[in-house]
Structure formats: C-alpha cells, structure tokens
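Participant: Handing you a structure now.
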Amino acid sequence: DVDTIELWNKSLQVVDKHYCMDIPFKCTPPKLPNNKQLAVKRLQSLSRRLQKDPALKDKYTNEIRKLMDKGYAEPVPDDDIRNDGKVWYLPHHPVFNPKKPEKCRIVFDCAAKYGNISLNDNVNQGPDLANKLIGVLLRFRQGNVGFTADIEAMFQQVLVTPEDRDVLRFLWFENDDSSQQLKTFRMKTHLFGGVWSPSCANFALQKVAEEYSSAYPEEVAKTITRNFYVDDCLRSADSVESATTLALQIREMLAKRGFNLTKFISSSPELMKHISKDDWEKSQSLDLSMNIFCKFCLGAHHFKF
C-alpha cells in the first residue's frame, strides 16, 4: 500500500485537466504472456450472444462507441507491435442492473486467466481509501437540508500513463460489423474491473481536495474527503442557502480535474432550481430517505453478471 501511494504521488501529472497516473504493477516492468487468443475466443462468444439479441447488440455497440467518442479509449496503430511483456488483451462483457434493465454497462474482465495469470494478479490493489458507509450516512443526517449526487464515470476520469495503456488493450469489430476483421483498441483511463481502480479513483478525489483546499471554504474540501461513498456524495447543511452554496462549490471544485458531479437529488426544491435539469437524477423524488436507502443499501449490490 505504501509503495502504491508513493508510485501515484511520483507519477501524478495533469493532462487535459485530468489526473494521469501509473498502474501499480507488482513487478516493474511486468512480464505478461501474449493472451490475444483468449480475447479473440471471448469476443467470438460475445458476438454469438449479440447476434441472438439485436436489442442488446445495439446497446453494446453504442457503449463501445461512447468509449471512443468520450476519449476513454483509442485505436492501436496497426504497426504498434510489442513483445516486451507489457501487452495484455482484456475480454469484455455486458453487465446489467435489475433496477435499470435498459442500461448496459461494459465491464473489462481484468480477472480473466490465461496460463493461470490475470492482469489483476499482476497489479497491487492499493489501500482502501473509501469512506465507511455508516460514517457517510450518519454525517448525512446531521443537517436539515440534504442533497445527493454522483460522479459520472468516476474511474474513467483518471487517465492511465501512456506507457501503461497497452495492458488495457481490447478487441472489437471494424465498423462495428462482426463480419469484418478485428481491430485493436486500448483504454486510456483506469477502468471498472481493475482491482486497483477504486483505490486510484479515491486517491484522485483526495488530491482534488488537497490541490484546491485554499481556493474554497474548508467545508468544500472536507465534503470531498468525508462525505463521498466512492462516487456518491451525501451531504446536508443547516439551511437551504448553505446547502445550495456548498453543492455548487463542490461541483465546481471537482470539475477542475474533470469529475462531473451529476444526478442531483435534494429535500429542497429551492436548491434544485440552481441545478440544471439535465443533472437531476431521473427518478427525482423528495422522499430522500427512501431513495438513499434503496440506492445505498440495495441497489449497489444487485448488478447481474
């Protein structure tokens, strides 16, 4: 854990407003086998599944396109051939939340084994930097006016050092057509599925608070370090005015390093007037207590693989 934090502090840089950090390999450089065969086999299996389900195929293809359009992934040049043990191909598959069956999330299988080796086996998990849920919930109950929000695609707002990105390669079809040849892409960001990603993302959040603590009231940085449960913010204040100011300042501070705070819910309709409706939680409800119970005690653990 100490070595991982030291590595991130040493490799930390800012690229296009986002933090950029190394992957904390156990051995540097790693010596990974060529597992492209595994990725091809898994993609063929996924392709057969998609062909049988046109609706899923459309959703999955759209999510792949989003990775490119949002700059989370990039194509690997055809002449970029490496045989130095620092290349790994990630199988990928869809994951669904029963509460949002229309939403498809792509998960990269960092735990997939090839020759009894996986990418996750070769990377340090990093320290647990997440706040304890019970503490976040208790602090949330202290004020009279509450609000919640979450960070959009939190892990993917932290970039991977370019030299490390080839261990995050994946395969997809040219022009999204399964009858055409396979193309190689790689993730530019830390990703959902990486054993190190939760620690890395929480480290980045703490760095935002540290970097901008002198530019904002103390409560703003304190909220980021104490009132987030991974990507979810739960905060309350004694008045509508103070809650509104705090919400807007938290959002502004996080945006300075590429974290977009969205899906707001509040017990105060007045506070919500200051938030664009595009950033309201779609199931906006004033019954905040029930929403929080469902979201944090039930929803987070019901992804179906």
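The values are calculated or read from the model by the stated rules, or taken from the named source; none is laboratory data. Since this is a predicted model, take the numbers as computed values, not measurements. Note: ideal-geometry Cβ built from the backbone for every residue, glycine included; neighbour counts use all protein chains shown. Just so you know, the surface numbers come from the protein's heavy atoms only, side chains and all, with ligands and any DNA or RNA stripped out. Shrake-Rupley method; radii C 1.70, N 1.55, O 1.52, S 1.80 Å.
Participant: Rounded if a/c is under 1.5, else prolate if a/b beats b/c, else oblate: with a ≥ b ≥ c from the C-alpha gyration tensor eigenvalues square-rooted, which is the range 115-270?
Facilitator: In terms of gyration-tensor shape, prolate.
Participant: Considering only protein heavy atoms and a probe of 1.4 Å, how much of the accessible area of the chain is carbon and sulfur, as a whole percent?
Facilitator: Working: 7730 of 15300 Å².
With neighbouring chains kept in place, the figure for the chain is 51 percent.
Participant: Between the range 1-32 and the range 74-139, what's the alpha-carbon centroid distance in Å?
Facilitator: 16 Å
Participant: Something else now. As I understand it, the dipole of the range 111-187 uses +1 on the Cβ of Lys and Arg and -1 on the Cβ of Asp and Glu, about the Cα centre. Which of Ala111, Leu168, Phe147 lies farthest toward its positive end?
Facilitator: The listed residue farthest towards the positive side: Phe147.
Participant: Right, another one. So what is the relative contact order for the chain, in percent, with contacts set as C-alpha pairs under 8 Å and at least six apart?
Facilitator: So the answer I get is 22 percent.
Participant: Also: Once Rh is set to the Kirkwood radius over Cα pairs, what Stokes-Einstein translational diffusion coefficient, in µm²/s, holds for the range 1-141 at a temperature of 37 °C and a viscosity of 0.692 mPa s?
Facilitator: After rounding, the answer is 179 µm²/s.
Participant: Shape call for the range 199-247 from the C-alpha gyration tensor, a ≥ b ≥ c root eigenvalues: rounded (a/c under 1.5), prolate (a/b greater than b/c) or oblate? Please report the intermediate quantities before stating the final value.
Facilitator: Values: a/c = 3.27, a/b = 1.47, b/c = 2.23.
Verdict is oblate for the range 199-247.
Participant: Take the eigenvalues of the Cα gyration tensor for the range 17-58, scale each by 5, and report the square roots as semi-axes in whole Å, largest first.
Facilitator: 33, 19, 6
Participant: For the chain, report the accessible area per residue in Å² (1.4 Å probe, heavy atoms, rounded to an integer).
Facilitator: I get 50 Å² per residue for the chain.
Participant: Search the structure for amide H atoms under 5 Å from the amide H of Val230, placed 1.01 Å from N in the peptide plane, and list their residues when 5 or more places away or on another chain.
Facilitator: Counting only residues 5 or more places away or on other chains, the set is Asn131.
Participant: Looking at the range 1-68, how many pairs of lysines come closer than 29 Å at the Cα, when each pair is eight or more places apart or spans two chains?
Facilitator: Lysine pairs meeting the criterion: 17.
Participant: Let me spell out the model: positive unit charges on the Cβ of Lys and Arg, negative unit charges on the Cβ of Asp and Glu, origin at the Cα centre of the chain. What dipole size does that give, in debye rounded to 20?
Facilitator: 960 debye
Participant: Which cross-chain or sequence-distant (5 or more) residues have an amide H under 5 Å from the amide H of Asp22, H modelled 1.01 Å from N in plane?
Facilitator: Here Ser11, Thr161 satisfy the definition.
Participant: Helix-only estimate, please: 222 nm mean residue ellipticity of the chain, summing -39500 (n - 2.57) across DSSP H runs of length 4 or more and dividing by its residues, to the nearest 500.
Facilitator: Mean residue ellipticity, 222 nm, calculated: -10000 deg cm²/dmol.
Participant: Show me, for the range 80-85, the HN-Hα J-couplings you get by feeding each phi into the Karplus relation (A = 6.51, B = -1.76, C = 1.60, θ = phi - 60°), rounded to Hz, glycine and proline as x.
Facilitator: 8, 10, 10, 9, 9, x
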